[in-house]
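I have placed the structure first, in the form of C-alpha cells, so that the comments after it can refer back to it.
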Amino acid sequence: MNNTYVTPEPLSERDATWFEELTVTLARGRSALLGLQHEDGHCAGAVEANERLEAELVLLLAFLGKLDDHRIAPAARSILSAQQADGTWGDLGASVRSYFALKLAGHAADAPHMTSAAEAIRAQGGAAAADALTRVWLAVLGQLPHAACDRTPVQKVLLPKCLGGIDSYPEWERGQRVALGIVQAHEPVAPLPEVLGVTELFAGPVPAHKPSGPRPFRSRAIRTATNWLRARYSENGPDSHFRTLAFTAVALKSIGVPADDAEMHWVLGQLQSLCAIKDGALTVRPFRAPVRDTALALLTLTATASSGVSASRDAIAEWLLECDSRPAPRRDAGTAALVLAALARGGHVRNATASAVVYRSLNELLALQNRDGGWAAFDRGVSGDPSCPAVTACVLEAIGHFGFRVGQRPVDTAVRFILDRQEVSGPWHTRWAGGAIETTWRVFAGLHAVGFDVYDLPIRRAVRWLKELQNADASWGSATETAWAVLALLAAGEGESEEARAGAEFIAGTQRADGTWPEKGFPCTGFASGIELRSETDAVCAPLLALGRYATDRGQPVEVRKTTVRRDAGHPIAGPKSTRHTLAEM
C-alpha cells in the first residue's frame, strides 16, 4: 500500500510539500509507537501523576522495616526536586508526607529546605490538620494515634450495597478502602527512632491515644476483607494502582503475613514494577493500563494505514482478544468501549472466536447503561460514579460499529443525555477526560458513529467554540490537546477547514526526531478527584491518530468527505442466537 496521501484535486507546491512532510511524520510516529510494544503483543507506556507518590513509597518502606532499601535515596532526590519556592509540595497533606519521607531518607531537620517546609506546614495548621490519607501514614508510623484518623470500618465488606456496603463506593476506591479497613481494624504501629519522628510538624500537642470502642463482627469481617483483596489480585487489573497495592502490603503485615512470604513478595513486586529510576531520581507511576494502551495503539496504527505494520496490528489484536477471553478484573467502561472500537476499526471482529468475545463485551457494556441514558466509569447506579458525557460518547462510538443507530432506544436515551449536558457556550465538560476539548471530540465521534447529523445545531455551536479557542500559533495547547481538537473538527466534518489544517501542521511541526511529541503538562484526569495524569502512550497516539485521520480525510473524494450522517450498517457479525436476540431487543 502506498503510504503517501494525495487528494483528488491538483496539489499546489505548498500542499505537495505538506503531504510529503505528513507522510514522513506518520512514519516516525509509527516507529515511536511500536517502540512501546512488548514481545507478547501488548503496548504500555509510562503514566505520571501531578501528585507525587515517591513520598508514600518511602513511608511504606519505613513501615515494612526497609529503611536501607536502595530506592529511598533516588526517591528523596525526586521529592526534593519537586519542592516549591515557599517550602511546600502544594497542599498540606503532600507537604507532610514529603517532609516525613525526606527525614526518613536522612535529611536533617535543621537543613534550610526542611526548616522552611516545617514552618509552612505549621502555618497551615500542622500535621494533625492534614488529609485522611496522610494521617493514616502518620498513625502506622507512630506519629499520631489511630483514633485521630477517619475510620474505614472493615465491617462494610459484610453489608449489601443498599446499606452502604463496599459496593456502594466507586470501583476505584474499593480496593484501597478494603485494605484500609483491615489496617484500621488491627491499628498496627511500626515504631521509629525518635530522631526520625516529625513532632516538629504539629502546631499543638500531639493527640493522645484513645482506646477503640466495641467492634462487632471484627474477625469475620477481616477474613472476608482479606479474601476480597486476594480474589482481585491481577497484574493488569484495577488493583495494580499504587495506593491499593501499598495499603495491601500494610494490611498483609497487619494480619501477620511474613516478609518472606510469596504473597508479600508478589505485592511488593507489583509495586516495584511501578517504579522507574532515571538520572538518579525515582518516579512512581500511579498505575498501569496495558489494556487501554494496547487498544489505543491498535486504533492509532489502523488510522495510519500502513501495510508495513500489519503484523504488529495482528499481534496487538490477538493479545486484546486473549485478554478479553479469560476471566479478569472488571475494567472501566471507557476502556471496554475503546477495545471494541479498536478491534472493529481494524477488521479483527469477523472470525468466530472474536465474535463470541465481542458479543459478550457488547452485552456487558449495554447492561451498564444508567437510567438517565448515560454510562458511568465503572458502575451502574453508584452515586460516587455518575454518568458522564465522555464515557457515554465512547460507548456510542463503540456500539456504532455494530449497527446501533439513532432510533434505537439505548442510543436515543444516550444522545439525549449528552445533548442535555452541553454548555451554553458549546462544549462539554466531564470528570473523566482531558478537559473540554477531549470531551467535545469524544462527543462528536460518538454522535457521528450512531448516525447523528454532525451539521445539527448542537454540533455547530461546539465547532464554533472550538475554532474560537484556537491559539495564535494554531495550537490548542500541547500537541496532545491540539490533536484532540483536530480529531473533533474531523469528526464534525471540518477536515477542509483552515483551523484543522493549521492544527495538523502544528502537530507535525512539534514532533521530535525520535517520533514522539513533548508533553510537559498533565492533560488527562484520573478517577480520584484532583488527580491529573500524563501518559506516554497518549502523548504519541493522540497526535499520530489525528494526523492519520486527517491524512485519510484529505485523501478522500469530496463527496465522501461531505457525508454528514453515518448510513452503513456496521459489522454484520453472526453471534450466538441468544446474543443476537439480546442485542436486537435493546
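The values are calculated or read from the model by the stated rules, or taken from the named source; none is laboratory data. As the structure is a prediction and not an experimental result, all values here were calculated from the model. Cβ: placed from backbone, ideal geometry, glycine included. Neighbour counts: every protein chain shown. Note: areas computed on protein heavy atoms with side chains; ligands, DNA, RNA excluded. Shrake-Rupley method; radii C 1.70, N 1.55, O 1.52, S 1.80 Å.
Rolling a 1.4 angstrom probe over segment 72-162 with all protein chains present gives an accessible area of which 55% lies on carbon and sulfur atoms. Compute the label zone of residue 220 within segment 154-176: residues whose backbone N is under 18 Å from the point 7 Å along Cα-to-Cβ. The answer is 154-167, whose backbone nitrogens lie closer than 18 Å to the label point. Among beta bridges identified by DSSP and lying wholly in the chain, the antiparallel ones come to about 90 percent. Extents of segment 320-459, taken as max minus min of Cα coordinates on every principal axis and listed largest first, are 45, 33, 27 Å. Computed over every Cα-Cα pair of the chain and binned at 20 Å starting from 0, the pair-distance distribution P(r) comes out as 19, 49, 28, 4, 0 percent.
Just the number please: accessible area per residue for the chain, 1.4 Å probe, all protein chains included, in Å².
Value for the chain: 42 Å² per residue.
Computed from the C-beta positions of residue 311 and residue 233 and an R0 of 41 Å, the FRET efficiency is 0.80 to the nearest 0.05. Taking all protein chains as they are arranged and a probe of 1.4 Å, the heavy atoms of residue 156 leave approximately 50 Å² accessible to solvent.
Charges only on Cβ, +1 for Lys and Arg, -1 for Asp and Glu: so what's the dipole of the chain about the Cα centre, in debye to the nearest 20? Write out the running numbers ahead of the final one.
Numbers: 60 positive and 65 negative charges, 386 e Å.
So the dipole magnitude of the chain works out to roughly 1860 debye.
For the pair residue 279 and residue 110, a Förster radius of 25 Å applied to the C-beta separation gives a FRET efficiency near 0.30, rounded to the nearest 0.05. Multiplying the residue separation of residue 69 and residue 124 by 0.36 nm and removing their Cα-Cα distance gives an extension gain of 16.6 nm. Taking a ≥ b ≥ c as the square roots of the eigenvalues of the Cα gyration tensor, segment 29-180 is oblate, since a/c reaches 1.5 or more and a/b is not larger than b/c. Each label point was placed 7 Å from the Cα along the Cα-to-Cβ direction; for residue 257 and residue 513 their separation is 4.7 nm.
By accessible area, using a 1.4 Å probe on protein heavy atoms only, segment 217-319 has 52% of its surface on carbon and sulfur.
Length gain on complete extension for the stretch residue 189 to residue 50, per 0.36 nm per residue less the alpha carbon to alpha carbon distance? Length gained, residue 189 through residue 50: 47.1 nm. Measuring nothing but protein heavy atoms, the accessible surface of segment 348-464 at 1.4 Å probe radius is 51 percent carbon and sulfur. Between residue 40 and residue 420, the distance separating the two model label sites (each 7 Å from Cα on the Cα→Cβ line) works out to 4.3 nm.
Lysine pair count for the chain with Cα-Cα distance under 23 Å and sequence separation of 8 or more or different chains is 9.
Placing one equal scatterer on every Cα of segment 33-74 and applying the Debye formula, the log10 ratio I(q)/I(0) at q = 0.20, 0.26, 0.28 Å⁻¹ is -0.72, -0.82, -0.89. In order along segment 458-469, the Karplus-derived 3J(HN,Hα) couplings, from 6.51 cos²θ - 1.76 cosθ + 1.60 at θ = phi - 60°, round to x, 5, 4, 5, 5, 4, 4, 4, 5, 5, 5, 7 Hz, and Gly and Pro are given as x.
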